[in-house]
Amino acid sequence: MISDKKKRTGEIIKRLKKEYPDAHCALNHTNAFELLVATILSAQCTDERVNIVTATLFRKYRSPQDFLDVSPEELAQDIKSINFFNNKTKSIQGAAAKIVENFGGSVPRTMDELLTLNGVARKTANVVLGNAFGIASGVVVDTHVSRLSQRLGLTEEKTPEKIEKDLAELVAPKDWVMFPHWLIFHGRKICNARKPRCAECVLNDICPKIGVG
């Protein structure tokens, strides 16, 4: 059963890789810390909105210390158009403080160390490790990845942790970083939540839930 799924997963990857050769991380960033901040901001918020906010934010704050040198009130004002901006202000400043105090001002490069930072769970850590450092530590599971992996019959699990475990068994480690990007691009263009465009889908002949919303 697993071998059949692995074979189909390989075919899914082959087709999506060809369909979306320019797939990439949708959060704009120039370094690991910017990506960390952007990913914290992206929780329950669109990437588009985050990119609008960070376009200004990253000109004002260029290092973890910069985020600590302002009051929480000022930082909250800078990100107020983001959902849960007060909580995210606390997470960003808390993460920045630990990076400065415990890691010499540099974003750590291991899962265990990243998970000690405020506002960082496995998804955020995987995003940073994979996209900032090229370290394939796991598979990022966001709403698109969760929905598409279930529709494609790659998992029946519901929680991100269990979905990630299933995907890590089916996807070769060399594709762990890019696989979520291919699914996200496909989810946005074709396999959307409410009305998937199955007739236009490059996977429609190997999708077990074609036409199912």
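Just give me the residues in segment 35-50 being under 14 Å from the mean Cα position of the chain (by Cα) and outside any loop (DSSP other than H, G, I, E, B), in sequence order. Correct list: 35, 36, 37, 38, 39, 40, 41, 47, 48, 50. Taking residues in segment 133-144 that are within 16 Å of residue 159 (Cβ to Cβ), and partners anywhere that are in a loop (DSSP other than H, G, I, E, B), the pairs with Cβ atoms closer than 7 Å and at least 6 places apart or on different chains are 138/176; 139/171; 139/176. Test residue 57 against the criterion of being under 15 Å from residue 127 (Cβ atoms) and either surrounded by fewer than 18 Cβ atoms within 10 Å (Cβ to Cβ) or not hydroxyl-bearing (Ser, Thr, Tyr) (or both), and give yes or no. Taking the combined requirement at face value, the residue does not satisfy it. Answer with yes or no whether residue 191 is buried (at least 16 other Cβ atoms within 10 Å of the Cβ) and either farther than 23 Å from residue 45 by Cα or hydroxyl-bearing (Ser, Thr, Tyr) (or both). Answer is no for this residue. Exactly one residue out of 109, 62 is over 30 Å from residue 201 (Cα atoms), without any contact (Cβ under 8 Å) to a residue 60 or more places away in the chain and in contact with a Leu (Cβ under 8 Å, 6 or more places away or on another chain), and it is 109. Of the residues making up segment 1-20, those that are part of a helix (DSSP H, G or I) and hydroxyl-bearing (Ser, Thr, Tyr) are 3, 9. Remark: residue 48 falls outside the filter, which requires a residue to be touching a residue at least 60 places away in the same chain (Cβ under 8 Å) and surrounded by fewer than 18 Cβ atoms within 10 Å (Cβ to Cβ). Meeting the requirement of 3 or more residues that are outside the structural domain of residue 7 (by TED's automatic domain parsing), at pLDDT below 95 and more than 23 Å from residue 21 (Cβ to Cβ), no helices (runs of 4 or more DSSP H) wholly within segment 117-213 can be named.
The values are calculated or read from the model by the stated rules, or taken from the named source; none is laboratory data. Only a predicted model underlies this, so the values are computations on that prediction, with no experimental measurement involved. Heads up, the Cβs are rebuilt from the backbone with ideal geometry, glycines too, and the neighbour counts pull from every protein chain shown.
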